[in-house]
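Take a look at the structure set out below.
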Amino acid sequence: MTPNSTHTVRYEIEVAYGENKEKTWIYDTRYEPWANGGKRDLQLSTEGLALTTSQPKVVSLGNAIVAATTNVDEEEKNVGFEWRRTDWTGDFSSSTGKAYIYEGTMEGYIRNLNTEKLWKYRPYYLADDGTYYYGDWVGLDPTNVSFFEPTVHTYAQIVVEGNTALVKGYALEGSDNVTVQGFKYWKNAGGASRASGNDVPSNANTIEASGTVMEVSLSNLDFDSNYSYVAFVTTSSGTYYGEIQTFTTGSDPTGIYVISNDKTNDVHEVARYNMQGRRLAVPEKGINIVRMSDGTTRKVFVK
């Protein structure tokens, strides 16, 4: 929406009724405080926009990470950076590219700049009404190279449905090329959580992902269990981790939580199939074939 402005919100319900299923619209304009009496639409005011350009990180000749601090929500898509050579007149159009936001920091990657010229860049936000908002210009020397580690973050927002979880992370390469990226996740013993990347267990599960903003689905987890997950990036210099986040899976809809009580060997379910061999995301009625972590299989009847 447009920054530093007031917007009106009205709640609408479409109702179908009668034999012919006629439709009517009900406008619910109720809004407190009641001391004012009567009814009115809800008024929302947006904040003034903050876009403060940060100094660039030149990770290799002609390639730079550009950044800005902002109060724009990290789910906003209409943000990016504009850049141009300092010797260009108004007859030359700037180049633009999208950016991503994590906890108030907006970042983008500019590649293949002419190293014989100086450049400048600034962040922008595009409102739905077509208005552009800009931060200040900052100069960029594409030959001023320093070593920078990749930027890795793990988003706390997560969608959990039963024993499946959709997780999200952020990975922006630094000076070294990324060889693999994705997430590591593991079940917390006794519900305990871990505090840093150094605490990622060696037997953690790994699932690869791509893109600056990564989203993957973790499936076939144990019901009613606590898990930790972390985004990671591996380069020739090592592996870098984001923040470790935690979540709890939902309850087993069948009420069957544990197949094995062998806590000593920690034998647990790793996959489940129906009698036709189709893999199941959740138990289904009838006979289920369950594959265990020790390589054995069992037939389980689900009512």
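The values are calculated or read from the model by the stated rules, or taken from the named source; none is laboratory data. Because the structure is predicted, anything quoted here is derived from the model rather than measured. As a convention, Cβ positions derive from the backbone with ideal geometry for all residues, glycine included, and neighbour counts pool all protein chains shown. The area values use the complete protein model at the heavy-atom level, side chains included, leaving out ligands, DNA and RNA. Shrake-Rupley method; radii C 1.70, N 1.55, O 1.52, S 1.80 Å.
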Checklist entry - Once the whole set of protein chains is in place, how much accessible area is left on Tyr133, using a 1.4 Å probe, in Å² to the nearest 10? => result 60 Å²
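Are any of the pairs Lys187/Lys299; Lys117/Lys168; Lys120/Lys184 more than 30 Å apart by Cα-Cα distance, and if so, which? Write out the running numbers ahead of the final one.
Numbers: Lys187/Lys299 25 Å; Lys117/Lys168 38 Å; Lys120/Lys184 38 Å.
With Cα atoms farther than 30 Å apart: Lys117/Lys168; Lys120/Lys184.
Quick one: accessible area per residue over the range 95-135, 1.4 Å probe, rounded to a whole number of Å²? List each step's numbers first, then the result.
Values: 2290 Å² over 41 residues.
Dividing the accessible area of the range 95-135 by its residue count gives 56 Å².
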Next on the checklist: Please give the Cα centre distance for the range 86-164 versus the range 216-243, rounded to the nearest Å.
Outcome noted: 26 Å
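Kindly rank 165-174, 202-211 from highest to lowest mean number of other beta carbons found within 10 Å of each residue. List each step's numbers first, then the result.
Values: 165-174: 21.6, 202-211: 11.7.
Descending mean neighbour count gives 165-174, 202-211.
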